[in-house]
Every structure is written in C-alpha cells, then in structure tokens.
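Structure, as structure tokens:
The values are calculated or read from the model by the stated rules, or taken from the named source; none is laboratory data. These numbers were taken from a predicted model, which means no experiment stands behind them. Neighbour counts run over all protein chains shown; Cβ positions are idealised from the backbone, glycine included.
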C-alpha cells in the first residue's frame, strides 16, 4: 500500500527501522570504543521501542515482553558489561584507526541494496504491515558482519557480533511478530552467556598475547614454516 | 517417556554437581558414573522406541523417532568411553600442566553441559530449540578449548567462538525464515516450529522462502559440520583443546550438526519439487572431501591431521545425504556411527601418544609400537579403520556411498575415489614413522586404559563384517524416514 | 499581471531580508557565546559602507575579476527568484527546477574560483582549490538529497514538490528525514559555515571562501558579500519550506500571503538558532577531514534514497 495511506504508527515503525539502520552505519564509522558501545546501546533502545510499537499496533502483547527483554539485555546489561570490561582492560580511551571509512560506508550502502534484493521474495509473500522492514533487518545483520570484518580490536568484533544478534531479533519481529516465547528466551539466554564468555575471553587474550588486537592471533596457520 | 526426560536431566544434574566437586580426585569417577547412567537410559529409550515407534512428549517439545534415537545412544556411548579415558588423562594433565582447581571444575561441569546440549539438540521437536541447543554446545565448549591458556589455545578458542557464532547466527536467520513460511500453514503459532507438524505439512510450505531458509541453514549448520569453506575453526579447536574435548567434538558435535541439517533438508525436500537442497549438500560435501584430503598432507600436528580427516568424512556424509536415495542414506547413517566411534577412539589413542612423546608434533612422535604396544597398535588399527580398509565398518559405508554415486552420478565416483586415495596416502605417510620409527631416548609408557578404544574399534569391526539386526532395522527405519524408500 | 508583480516583490523581499537574517544569526551567536552583540541592522550598514567605497583593482586584473561580482550576484538573485519563499504558485514556479538551482550555484562558484586565481596571489589560488574540492564533493550529496525528494514527489520542480508535501499531511518519511539531514550538512559546507569553514576568521591559511575574495573591495565586495548572504538564506528557505512547508501560501490571496510571510519568518528564526547551536557546538575541522564529513553527508542522502526504495515503495 502507499506509504501515505499507512497509519501514523506504522509510519513511525518504519521510521524507527530506518534509524536503527542508521545506528549500524554510525557503528561502522566510529573509531572510538566508548561511543561505539553507546551507539550499540542506542540501537538496542530503538529496537525495543520499535518492538513495543509493533506490539501496540498489531495487538500482540507477547511482543512487549520481547521488547522488555531486548531492552534489558541489549540496551542495558550488555553495554554496561562491555563498558566495565573496557575500563578494566584500560582500552576505553583507545582509538581504532578505521582504514578507508568512506569505502566502508559505501560498502555498507551496497549491502543495504543487496539485502533489499534478497528480501524481495519474502516481502512479496508477507501481508504484515512491517514487511518493508525485513530488508532493513537483513541489512543490519550484514552490516554487523561488515563491522566484524573491518575491525581489529576484539571488543569491536564483539559489538559487531551483538549487532548481528540485534538484526536477527529485528528480523523475527518484523517478519513474524516474534518467535514463540520459549525460543526467544532461549536465544536471549544464549546471547547473555555469549557476552559473559566474551568478557572472560578478553582477559585470557590479554594474558596470553598481551594485547586485544585480533591480528596478533596468528600462530595457527596452514602454511607452516 | 521418563527415559527421555532422564536423558536430559542427568547431564543437567551433572553440571550442578561438577560445579561443586569438579576439582576433586573423585570428579573423574563421578563423570564416568553419570555417563554410564546416561548410556543405560539411552539404551532403555532405544528399546522403547524400537518396540513402540516414535515418541512424542505431552508438551510436544520432545520427539524421538528412528533417526535420532540411535544418535542419542551413540552420543551417550561415546560420552561414556571418553569419560573413562578422560579420568586418568586429565589427572596426568593436571600434574604436568598445572591446571588449577577452578579450571577442572569448569572442565567437568562443561563436559556434562556439552552432553546436555547434545542430547537436547537431538531430542527436541522444536526447530528453534534445536538452534538454542547447538549454540549452547558451542558456548559450553569454547572455554574448554582454551583450557591450557597458551596463545595457540586462546587463538583457537577465539576462532571457534567467532566463526561458529557468526555461522550459527545465519542458521538463526534461516530458522526465522522457516518460521515465517511455517506460520502460514501451521494450525497455531506455537505449532509452527514443531518438526513433526512441519513434516506433515511440508508440501504446503512456500518454496521460495524455504529455498532461502535452507541456504542460510546450510551455511549456519554447515559451519558447525565443518564444511569447506566454513571449516577454518575446526582444525584449531580440535587440536588445541584437551584430547577428551577433541574426541567428543569430532565424534559428537559434527554428527549432531549434520543431524540438524538433515532434519531441515527433510522439510525442504517435502516442499521443493527440485532436489536443490540435495545438490547444495552434494556440492559442499564433495568440496570439503577433496580439500580436506589435500590439506591432510601438509599437517605437522597429529591432532590437526586427524581433524582434517574428520572434515573429510563429514564432507563425505554430507555428500551422501545430498544424493538422497535409500542406499546413499543408509550408507551415510552407517558412516555417522562408525566415524564417530573410530574417530573418538583415534583421538583417545592420539592423546596417549602425545603424552608419551610429550608433544603433538608429528615429526617428534616416533616408535610408539616399541614404547607402548597397545597405543601403537591402537593408532595403527584406528588409522586403518578410518582410511576405509575392509573389513572395518568405514569400508562398508564408503562402499555403499560409492555404489549410490555410481547409480545416479557416475562421473562423480572418480573424484570420490581419488579423494579417498589421497587421504589414505596422507594418513599413512604420517602414521607410519610415528608407529614404526625409532623411539627417541627416554620415552616411557604412560598409564593408559585402552579398553574403551578396543571396544570401540571392535564394534566398528563388527559393523564392518555384519551389521547386527537391531541396528540395521534402525538404519532402515531412518532411511525410510529420510529418503522415502527402503534400501533392502 | 499582478502575479508577476508578486513574484518580483517576493524576489526583492528575499534580497532585502538576507542581510537581516545574517544579522539575526550573528546576534544569536554572540548571545550564545556571551559576547556583546552588534545591532540587527549592522550588515546593512556594512553593505552601505562598502558600496560607498572606492574600488581598488590590481593591475593584472582581467575582465573575469571585474565581471565576477556581477555574475555571482546575478546568478544568486535568479536562484532567489526560484525558491518559494512566501507562496508556491507564482509564475516563476514554472522554472523553479532544483537542478537549475544547483547549476546556477555551480556557475557562481566557478566564476568565484576563477576570480580567486585571476590576480595571481597565493591565497587566492589556495582558496579556489579548496573551494573546488569542497564543491566537487558537496554537489553529489546535494543532488542525491534532491533526487530522494524528487522520487517521492515525482518531480524536480520545487513548487510542485512543496505542494506535494503540503498535500500529504503529516507523514513520517524516513527518506525525507535523511535527505534533510544530508541537505543541512551540505548547506553548511556550501555556505562556508563552521565546521567546514569559519566565516569570521582572519587567518588566511584557514580560509576557504574568504581567501578567494580577499582581493575584492568597494562595490565588488559588497555584491559578493550580499550574494553570500542570499545564498545562506536560500539554503535555509529550502530546508524550511521543502521539508516543513506548513504555512506557505497556496493561493495568492492577501490572508494566505500574510500567513505565509509570518510562517517563513518564524521558520527562518528557528533555523537560525539551530544553525548557531550547531556552529557553537562544533569545532572547525581540518581541511583533510572535510571529505569525510561530506562522505558522511553522502551516506545520509544515500540512506534517504535507499530507505525510500526499501520502506516507502512496494507493497
């Protein structure tokens, strides 16, 4: 249907989806660690708000629980944990030189186009009001992966990983109004455990190779000397 | 029904117990006891399913049919034998490498945690919970891979975590798409992820969405199976962790990941007219098979070499499941069993071999047969078994796969045979000096319990000569379920 | 006939009010930075003073140097005539194509750059090359933002686009929001405000626009300064009237025109405050960071286009 014919709430949902995509781009371009964590937290907040709005518009109360879970986990708990880790590891003042930021951003834009292309068959089948946002959710997933690829610091890669999970959550919300509660809880639990384990990992990495630069993890190679 | 709940509750209980007493000397024994009880329950469950047919729990969360019941039993069995091996092995490791109490508690509780995740993945009816359990298995073992805290171990664990994590995120997206397609045909929302409901309604699922979903699921679960080019984590994770870890990762996790993939393929085949899913699996499987066989030759670490052998065999199994006919499926199911048994036995032996030589480097391990004959013979026979020599079971399953290939894709038998030959050459090139070379000065035998290895290899030999009736009935039922017709 | 007179009146109003807008901006900035502010009419006094002064020309100045102020002022005035200030339905609306607008701005920039190099001073050449670099990067962004707008309104005509937005009512379009942000960032770059270029700097090595007009004096300088003020007002009116068109007169009646006048005045006052806040919060960037800034603006415009295709069409 025409965009102008959608209700104001539906338009707001799509607008928030666009801003979520924008936060993904901000994360791609952001070289400093603490603002990166903040951008990720904002993405979580926006996702929670979008989910709550979808819950209100489509009358799906279980989505309120999902929104609350996402807010608690991705917008509060995990950024807090990451921030605490960054301070304890003394990397919160580090800057990561992003090589070719403009090229990365353009690569991100082409990924958005690619996700649109991938999502076309799904969008055509869906009758949901949020179906246009499916392409956005795929784009958030792919941008999270791009973030992981273009960064060398372990903490940035973890944020990229969590951003992928954000995109997956969003995909579930906009294509099927969320997954069954038991699955959502399971996924949230997995993400939480993964975040805790990443934290433990940073300390192990710091102890063994004395840096958190993933490029230094290069002893296991195929071509042995 | 109690059997099914017990299968899950025992490892769960084990996690809690081990978190408290995992560092004590009895922890190893407790581990063995828990695994033995799990195995007994799994055999009981197998008998129930053999007699009564598929079991569906009241809440419809758990579903046991012919395909997963024997995998449940296999998992419990390999868990038991590895636990038996792990007790003296880890004691030796604690003494030589000075692993602290906290880490031993972690090791034992996560061992049970891993078993729980495996059994949960195998017995669940909910495709979403299957994903949660697979990710849970990764999370349980990631800290165990880095147990030794060397830079290599940390690197291996990081690669494992990140690659498997990102890979399995793709699988979650595939699950979301599957849910999207399923919601339109399932009676209620909560039913839409239940496998038995979906299998019944498979022909109504939207083909385009299912194709997209399968691609993501193949990439996701394929990463955990170790398909090339998503395999990079596998050699590192299997070689840097403690040997019991390598045994259960190679023997069990790869199997369960392939099980997840085949379950989804069953749904996709019901929906799609073409054999797209099968072709994709064949392509990736063949690629993994060939690439791994070539990489085998370059390896300098014995565990890395055998992990490439695992990749190769998983590639072969994926290829066979991809072909899809009854003979190929029967062969693949048999191969899952024998590979799991043989590979875990090999890793146990390799663990002892590296303890004897003090290193995992192939060129430093020599003369095992002179130092400790049981280990030397175990390694030799294990390699012979995994390379596909008759009369071992691996030969039978590989033969079945070759026959199936010759029937439907005759010109593909050439790369298969070439790959088998390359892998065979690679394995023996490295094994021969290890077993028969001159032992270096001062090499002493270690305290080793080779009984589980002999039992497992004996079982593989038995399967190679004559598959026992109950097993063949199982395989036949599973084959009918997966491919739609019987091989016999 | 009366419509043409109204169009002329609107253009004259535009030109006359541009220095007032700059006075307002300067005043707000001084207040925000806790300084004593000049009077609101100060820019008029400055222009008057410059017009009365004698022109000093270098010996080597060619016809380009002498004609540039008139060309620049002329092009800017034509642009001012195109942009809908108070009413949308004026006769000039027929040629109010946004690409024409961009082309005229390019013309003005081209001649200013040539004039900067004409005398042969070092600073002039430096300013010209810097301005050309910024212009080369800013123009695609501007066009992309405009195309996003054009795709929604199905036209590149400014009046028609404004009418379209007005008729759609309150619609939360993500593409518009991104395009507006991109346009605002480009406006800052093109009019030479902080963080791209500090308009109040006296240090020649930090200048971009000022460096090009360093050699001008008297009425030439007056015309160029005035053109700069009109350009700033044009960009602000574009942002205000294209993205927030409520209040603009759709019919050429007396009440509607009065409402339109008040509406645009209010919007410009508000936008002025926004601009000043942005300038106070931001620090001037090194020249080598300007491409990154404009790259980000390009991303915003591109996102506007992409979200239009993905979110707003289809279904």
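For residues in the stretch B:121-145 being under 16 Å from residue B:65 (Cβ atoms) and not in a loop (DSSP other than H, G, I, E, B), which is farthest from the chain's Cα centre (by Cα)? Ranking the candidates gives B:126 first. Specify the residue that is modelled with the lowest pLDDT; the eligible residues are those in the stretch B:429-444 that are assigned to a loop (DSSP other than H, G, I, E, B) and out of contact with any helix residue (DSSP H, G or I) (no Cβ under 6 Å at 6 or more places or on another chain). The qualifying residue modelled with the lowest pLDDT is B:442.
Scanning the stretch A:172-186 for residues that are touching a helix residue (DSSP H, G or I) at 6+ places or on another chain (Cβ under 6 Å) and at the interface with another protein chain (Cβ under 8 Å from one of its Cβ atoms) returns A:172, A:175, A:176, A:179, A:180, A:183, A:186. Given the criteria assigned to a helix (DSSP H, G or I) and modelled with pLDDT under 90, does residue B:171 qualify? When the stated conditions are applied, residue B:171 does not pass them.
In the set (1) more than 15 Å from residue A:159 (Cβ to Cβ); (2) more than 14 Å from chain C (Cβ to nearest Cβ), the condition left unmet by residue A:57 is number (2). For the stretch A:187-220, the set of residues classified as free of Cβ contacts under 8 Å to residues at least 24 places away in the same chain and more than 8 Å from every other protein chain (Cβ to nearest Cβ) consists of A:210, A:211, A:216, listed by residue number. Quick check, is residue B:92 touching a helix residue (DSSP H, G or I) at 6+ places or on another chain (Cβ under 8 Å) and surrounded by fewer than 17 Cβ atoms within 10 Å (Cβ to Cβ)? It is true that residue B:92 is touching a helix residue (DSSP H, G or I) at 6+ places or on another chain (Cβ under 8 Å) and surrounded by fewer than 17 Cβ atoms within 10 Å (Cβ to Cβ). Which of the residues belonging to the stretch C:286-314 are more than 20 Å from residue C:146 (Cα to Cα), within 14 Å of chain A (Cβ to nearest Cβ) and not in a helix (DSSP H, G or I)? Passing the criteria: only C:314.
Does at least one position in the stretch A:43-50 carry a residue that is outside any helix (DSSP H, G or I), within 30 Å of residue C:297 (Cβ to Cβ) and away from chain C (no Cβ under 12 Å)? Among the residues of the stretch A:43-50, not one is outside any helix (DSSP H, G or I), within 30 Å of residue C:297 (Cβ to Cβ) and away from chain C (no Cβ under 12 Å), which makes the answer no. Any residue that is in contact with a helix residue (DSSP H, G or I) (Cβ under 7 Å, 6 or more places away or on another chain) and part of a helix (DSSP H, G or I) - is there at least one of those in the stretch C:246-263? No, the stretch C:246-263 contains no residue that is in contact with a helix residue (DSSP H, G or I) (Cβ under 7 Å, 6 or more places away or on another chain) and part of a helix (DSSP H, G or I).
Taking the listed residues A:53, A:105, the one that is touching a residue at least 24 places away in the same chain (Cβ under 8 Å), buried (at least 18 other Cβ atoms within 10 Å of the Cβ), closer than 19 Å to residue A:128 by Cβ and out of contact with any strand residue (DSSP E or B) (no Cβ under 6 Å at 6 or more places or on another chain) is A:53, with no other qualifying.
Let's see how each residue does on (1) within 14 Å of chain A (Cβ to nearest Cβ); (2) closer than 21 Å to residue B:125 by Cβ; (3) in a helix (DSSP H, G or I):
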{"position": "B:208", "(1), (2), (3)": "yes, no, yes"}
{"position": "B:218", "(1), (2), (3)": "no, no, yes"}
{"position": "B:223", "(1), (2), (3)": "yes, no, yes"}
{"position": "B:231", "(1), (2), (3)": "yes, no, no"}
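Do the conditions hold for residue C:159, that is, is it crowded, with 22+ Cβ neighbours inside 10 Å, in contact (Cβ under 8 Å) with a residue 12 or more places away in the chain and within 13 Å of chain A (Cβ to nearest Cβ)? Criteria not met by residue C:159.
Sort out which residues of the stretch C:275-285 are assigned to a helix (DSSP H, G or I) and exposed (fewer than 14 other Cβ atoms within 10 Å of the Cβ), and write them in order of number.
Residues satisfying the conditions are C:277, C:280, C:281.
The single condition among (1) surrounded by fewer than 18 Cβ atoms within 10 Å (Cβ to Cβ); (2) farther than 14 Å from residue B:385 by Cα that residue B:482 does not satisfy is (1). Among the residues of the stretch A:16-32, those that are within 9 Å of another protein chain (Cβ to nearest Cβ) and either in contact (Cβ under 8 Å) with a residue 12 or more places away in the chain or surrounded by fewer than 21 Cβ atoms within 10 Å (Cβ to Cβ) (or both) comprise A:16, A:17, A:18, A:19, A:21, A:25, A:29.
Of the residues making up the stretch B:166-201, those that are at the interface with chain A (Cβ under 7 Å from one of its Cβ atoms) and out of contact with any helix residue (DSSP H, G or I) (no Cβ under 6 Å at 6 or more places or on another chain) are B:166, B:189, B:190. Of the residues making up the stretch A:80-102, those that are touching a residue at least 24 places away in the same chain (Cβ under 8 Å) and closer than 27 Å to residue C:306 by Cβ are A:96, A:98, A:99, A:101. Scanning the stretch A:108-125 for residues that are free of Cβ contacts under 8 Å to residues at least 60 places away in the same chain, farther than 19 Å from residue B:216 by Cα and surrounded by 15 or more Cβ atoms within 10 Å (Cβ to Cβ) returns a single hit, A:109. Within the span defined as the stretch C:195-211, every residue fails to be buried (at least 22 other Cβ atoms within 10 Å of the Cβ), touching a strand residue (DSSP E or B) at 6+ places or on another chain (Cβ under 9 Å) and in a helix (DSSP H, G or I).
Looking at C:170, C:181, can you tell me which residue is within 13 Å of another protein chain (Cβ to nearest Cβ), part of a loop (DSSP other than H, G, I, E, B) and surrounded by fewer than 24 Cβ atoms within 10 Å (Cβ to Cβ)?
The unique qualifying residue is C:170.
Considering (1) surrounded by fewer than 16 Cβ atoms within 10 Å (Cβ to Cβ); (2) part of a helix (DSSP H, G or I), the lone condition that residue B:398 does not fulfil carries the number (1).
For the stretch B:370-394, the set of residues classified as part of a helix (DSSP H, G or I) and surrounded by fewer than 18 Cβ atoms within 10 Å (Cβ to Cβ) consists of B:370, B:373, listed by residue number.
Results for (1) in a helix (DSSP H, G or I); (2) surrounded by 20 or more Cβ atoms within 10 Å (Cβ to Cβ), shown as yes or no for each residue.
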{"site": "C:15", "(1), (2)": "yes, no"}
{"site": "C:23", "(1), (2)": "yes, yes"}
{"site": "C:27", "(1), (2)": "yes, no"}
{"site": "C:36", "(1), (2)": "no, no"}
{"site": "C:54", "(1), (2)": "no, no"}
{"site": "C:72", "(1), (2)": "yes, yes"}
{"site": "C:79", "(1), (2)": "yes, yes"}
